[in-house]
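*Asks:* Quick one: the structure is below, questions incoming.
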Amino acid sequence: MILSTHAIVGGALASLFPSHPVAAFAAGFASHFAIDAIPHCDYPLRSISLGLGARNKILLNPALFRDLALIGFDALAGLAIAIGIFATPMTLVAIVAGALGGMLPDPLQFVHTLYPHEPLASLQRFHLWCHTKRHLDWRIGISSQIAFVTAMVGAAFGIKYWPSLSLGGLI
C-alpha cells in the first residue's frame, strides 16, 4: 500500500482513540501489517530497494531526489487527508500519532537496508512475511486502495457516530 493509504487508515483507527495518542499510534502501526497483506500495487522507486537482502547506499542523484519527492508527497498528502477528515483541535495529536504509526514500518524498511541489525532485522522479516506476494495492475491497485480507504473512513465514522456499533459504548 502507498503511504497515504497507511496514513488515512491509521488516522481512521486513531479517531476511535481520540484521547489516547499512544493507543492511536499502536493501532496505526499494527494496521500497517494487516493492510499490507491485501493485494495492492506500489509506485516504483528508482533509487531505493526494500526487498529481502536489499542494501542501499545513499547516492545523491536525480533518481534519489525523484524518489524522495514522491515519498514525501505521498506521506504529506496522507497525513493532510487524515487530519482533514478526522482531526479536531482536541484530537489532533492522536490522529497524527495514528497516521504516523501507520506509515512508520515502511521508512523502517529503508533504515534496515542501511543498518541490517536487530531489532530492525526481525521487524523486516515480519513485514515481508505479512506483505502480500500478489501485486495488482496499477489501475486495479489504485482503485482498490481508494475503495479500501473509503470503506475504512466510513467504518470509522459509523463506529464513532452510530452508538449501536460502538461496542456498547466502550469506544
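Each row is one residue, and each column tells you yes or no for (1) out of contact with any Gly (no Cβ under 9 Å at 6 or more places or on another chain); (2) open to solvent by 50 Å² or more (accessible area, probe 1.4 Å); (3) under 21 Å from Ala7 (Cβ atoms); (4) at pLDDT 85 or above.
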site: Phe110; (1), (2), (3), (4): yes, yes, yes, no
site: Leu114; (1), (2), (3), (4): yes, yes, no, no
site: Glu118; (1), (2), (3), (4): yes, yes, no, yes
site: Leu123; (1), (2), (3), (4): yes, no, yes, yes
site: His127; (1), (2), (3), (4): yes, no, yes, no
site: Lys133; (1), (2), (3), (4): yes, yes, no, no
site: Asp137; (1), (2), (3), (4): yes, yes, no, no
site: Gly141; (1), (2), (3), (4): yes, no, yes, no
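*Asks:* Look at region 111-126 and say how many of its residues are of a type in the set (Val, Ile, Thr) and touching a residue at least 12 places away in the same chain (Cβ under 8 Å).
*Replies:* The number of residues fulfilling the criteria is 1.
*Asks:* Which condition number does Ala151 fail, the rest of (1) open to solvent by 50 Å² or more (accessible area, probe 1.4 Å); (2) modelled with pLDDT under 85 being met?
*Replies:* (2)
The values are calculated or read from the model by the stated rules, or taken from the named source; none is laboratory data. None of these values were measured; they are calculated from a predicted model. Every residue, glycine as well, gets a Cβ built from its backbone with ideal geometry; the counts of neighbours run over all protein chains shown. In case anyone asks, the SASA skips ligands and DNA or RNA and just uses the protein heavy atoms, side chains included. Shrake-Rupley method; radii C 1.70, N 1.55, O 1.52, S 1.80 Å.
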